[in-house]
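Student: My questions all concern the structure below.
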């Protein structure tokens, strides 16, 4: 459902010159699969996800999402995905309910189906108590729940989630994890970025580690263990970054 071939993104920086933020990255993600994209800050993982969400234009390579070409068919790609960026990007004066209805309409969801879907997501994410409160009055966790519900409101076949549990408490993070697993069981294709190694090991069917723009390794936990000789994902990750695991 997602196919990436030699995807690259370069830009010019006055101090650093030409920066290869994403450098010849290739991988595939199937329906009903969670693919974890891990890397340290500045590694290129968020840039790669933004490329697949058509927020940035690639400078090399190609990719298809749900059968649509990233460059030639960007509108069809956008209709096929639910994208959660590193920042929530919510409108301060809108309530969570208004946010879900607004974005559902942008995706041309029929009104009766949208109302049902909105109520369903509000219940699922335990948002009833604040569903009609302005977003600028909400806590970080409430805002993150709203942002993720917005990502799901049009029921897209592909989810691109950049650190969905960042800054969340354990009960709220658990709700997000359960939602992601439900999406996998429903046959959704999911790209998942996180800094929490235990979370990635629990959720992801396969994992890719990106560093300095390059995909260092990609595979199941069993394959990563075999490739590095390490057992825990934290140790595997640090080994691939050239650092000694504690």
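Student: Looking at region 123-145 only, could you name the residues that are within 25 Å of residue 191 (Cβ to Cβ) and modelled with pLDDT of 95 or more?
Tutor: 127
Student: Can residue 147 be described as within 23 Å of residue 32 (Cα to Cα) and either surrounded by fewer than 20 Cβ atoms within 10 Å (Cβ to Cβ) or within 21 Å of the chain's Cα centre (by Cα) (or both)?
Tutor: Working: within 23 Å of residue 32 (Cα to Cα): yes; either surrounded by fewer than 20 Cβ atoms within 10 Å (Cβ to Cβ) or within 21 Å of the chain's Cα centre (by Cα) (or both): yes.
Answer is yes for this residue.
Student: For residues that are in a strand (DSSP E or B) and out of contact with any helix residue (DSSP H, G or I) (no Cβ under 9 Å at 6 or more places or on another chain), scanning just region 9-19, find the one that is nearest to residue 42 (Cα to Cα).
Tutor: Selected residue: 19.
Student: Quick check on my filter: what residues within region 9-39 are at pLDDT 95 or above, under 24 Å from residue 239 (Cα atoms) and surrounded by fewer than 19 Cβ atoms within 10 Å (Cβ to Cβ)?
Tutor: 24, 26, 28 - these are the residues of region 9-39 that are at pLDDT 95 or above, under 24 Å from residue 239 (Cα atoms) and surrounded by fewer than 19 Cβ atoms within 10 Å (Cβ to Cβ).
Student: For the structure I just gave you, tell me whether residue 184 is touching a strand residue (DSSP E or B) at 6+ places or on another chain (Cβ under 9 Å) and either under 30 Å from residue 136 (Cα atoms) or touching a residue at least 12 places away in the same chain (Cβ under 8 Å) (or both).
Tutor: Working: touching a strand residue (DSSP E or B) at 6+ places or on another chain (Cβ under 9 Å): yes; either under 30 Å from residue 136 (Cα atoms) or touching a residue at least 12 places away in the same chain (Cβ under 8 Å) (or both): yes.
Yes.
Student: How many residues does region 124-134 contain that are more than 22 Å from the chain's Cα centre (by Cα) and not in a loop (DSSP other than H, G, I, E, B)?
Tutor: Total satisfying the criteria: 3.
Student: Could you check how many residues of region 191-246 are outside any loop (DSSP other than H, G, I, E, B) and farther than 17 Å from residue 176 by Cα?
Tutor: Qualifying residue count for the region: 28.
Student: Considering only helices (runs of 4 or more DSSP H) fully contained in region 40-112, which possess at least 1 residues that are closer than 24 Å to residue 9 by Cα and modelled with pLDDT under 95?
Tutor: Working: elements: 45-52, 74-80, 96-106.
Qualifying helices (runs of 4 or more DSSP H): 45-52, 74-80.
The values are calculated or read from the model by the stated rules, or taken from the named source; none is laboratory data. Bear in mind the structure is a predicted one, so any value in this text is a computation, not a measurement. Counting neighbours? That spans all protein chains shown, and the Cβs are built from the backbone with ideal geometry, glycine included.
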